[in-house]
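Read through the structure below, which is laid out as structure tokens, and then see the notes.
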Amino acid sequence: MKQLILAFQFLTIIPLRVKVDISGKDISRSSAFFPIVGAFQGLLAVCVALLSARLFPSEIVSGLVILTLIITNGGFHLDGLADTFDAIAARGDKEKKLSIMKAGTIGPIGVIAVFFVLLLKFLSLNNLSYLSPFTFYFSLFLMPVLSKWAMVLSIFRGKPAREDGLGRIFLNRIDIKEIAVSTLILLILLTLPQILFSIHILNRQYVFYAVLLVTTYFFCELWVDFSNKKFGGLTGDTLGAISEMTEIIFLFMAIVWSRLFI
């Protein structure tokens, strides 16, 4: 329970507090429960979509869903995305790029990155809203779950770019146990609709899940390698960036798969 609360503290603005002593190991091990935090955000997004769909057109519903996810996260990952892309665009060595990320000011490339991520999310969610209700609402639920799992994968595979910062709390401090727990949680959440509501899922849907997980894994590998070359490792900002980019990849894959096979 302590590590689950720490995961919510790190990834959301929910004012939960741990009343017992915590160690650095407790904080790093909380990453195993990141997908549960994603499930909470996903359920919240589904609730907002269900309620707002009674009053507003699909475009406004998509906007409210995105706003809800941003608010619950405090814009934490979007800030990391902006800082990361500002650093990528900057000329200079790794130290200069790291200093740009650490400065916290957002430059023009960072603004453009945030704008296009939000735009692509909006357009993707609006497109999915015209498909079956199950496809739309389960995509809303699964999107933050998968992005949190991608963060755990990246933490496990990556190394810290610097000795300070938020990323250093987790990087090089988790092992296969955290990966196994987070993956098990993800697999349970993937099959939850069928378990709870007796929803029949076609075999090709499970194929989609398999393709989705493999794609996410290799994307995380590519991002870790890219970050190692550009920055000498991962930072809290690059972990936020991988979360945002994974959500875009997931939405794109859901749209393409639905057009081809549903």
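The values are calculated or read from the model by the stated rules, or taken from the named source; none is laboratory data. On a predicted model such as this, the values are computed, not experimentally measured, just so you know. Cβ atoms come from the backbone with ideal geometry, glycine included; neighbour counts cover every protein chain shown. Surface accessibility is based on the protein's heavy atoms, side chains included, excluding ligands, DNA and RNA. Shrake-Rupley method; radii C 1.70, N 1.55, O 1.52, S 1.80 Å.
What's the number of the condition residue 148 fails, among (1) basic (Lys, Arg); (2) open to solvent by 20 Å² or more (accessible area, probe 1.4 Å); (3) modelled with pLDDT of 95 or more?
That leaves (2) as the condition not met.
How many residues does region 78-89 contain that are among the hydrophobic types (A, V, I, L, M, F, W, C), open to solvent by less than 20 Å² (accessible area, probe 1.4 Å) and touching a Lys or Arg at 6+ places or on another chain (Cβ under 9 Å)?
Number satisfying all stated conditions: 1.
Being among the hydrophobic types (A, V, I, L, M, F, W, C) and within 12 Å of the chain's Cα centre (by Cα) is the filter here; which residues of region 142-167 pass it?
The answer is 142, 143, 145, 146, 149, 150, 151, 152, 153.
In region 196-205, which residue that is closer than 14 Å to residue 138 by Cα and either at pLDDT 90 or above or part of a helix (DSSP H, G or I) (or both) is least open to solvent (accessible area, probe 1.4 Å)?
205
Return the only residue of 99, 23, 31, 58 being of a type in the set (Ser, Thr, Tyr), at pLDDT 85 or above and over 20 Å from residue 241 (Cα atoms).
58
Just checking, does region 219-233 include any residue being at pLDDT 90 or above, touching a helix residue (DSSP H, G or I) at 6+ places or on another chain (Cβ under 8 Å), part of a loop (DSSP other than H, G, I, E, B) and open to solvent by less than 10 Å² (accessible area, probe 1.4 Å)?
Yes, region 219-233 contains a residue that is at pLDDT 90 or above, touching a helix residue (DSSP H, G or I) at 6+ places or on another chain (Cβ under 8 Å), part of a loop (DSSP other than H, G, I, E, B) and open to solvent by less than 10 Å² (accessible area, probe 1.4 Å).
Does any residue in region 124-141 that is farther than 15 Å from residue 64 by Cα come within less than 8 Å, Cβ to Cβ, of a residue that is among the hydrophobic types (A, V, I, L, M, F, W, C) and open to solvent by 50 Å² or more (accessible area, probe 1.4 Å) six or more places away or on a different chain, and which pairs are these?
131/262; 132/262; 134/199; 135/262
Only one of (1) of a type in the set (A, V, I, L, M); (2) modelled with pLDDT of 95 or more; (3) open to solvent by 40 Å² or more (accessible area, probe 1.4 Å) is not met by residue 45, so which one is it?
(3)
When region 69-92 is examined, which residues are found to be within 30 Å of residue 139 (Cα to Cα) and not in a helix (DSSP H, G or I)?
Those that are within 30 Å of residue 139 (Cα to Cα) and not in a helix (DSSP H, G or I): 74, 75.
Name the pairs whose Cβ atoms lie under 6 Å apart, with the first residue in region 62-75 and closer than 16 Å to residue 243 by Cβ, the second modelled with pLDDT under 95 and open to solvent by 30 Å² or more (accessible area, probe 1.4 Å), and 6 or more positions between them or separate chains?
74/13
How many residues, within region 93-120, are open to solvent by less than 50 Å² (accessible area, probe 1.4 Å) and not in a helix (DSSP H, G or I)?
2
Kindly establish whether residue 68 is surrounded by 14 or more Cβ atoms within 10 Å (Cβ to Cβ) and among the polar types (S, T, N, Q).
yes
Go over the candidates 131, 98, 125 one by one and state the one that is under 19 Å from the mean Cα position of the chain (by Cα) and not aromatic (Phe, Trp, Tyr).
125
If I filter region 151-184 down to residues being part of a helix (DSSP H, G or I) and of a type in the set (D, E, K, R), which single residue comes out as modelled with the lowest pLDDT?
168
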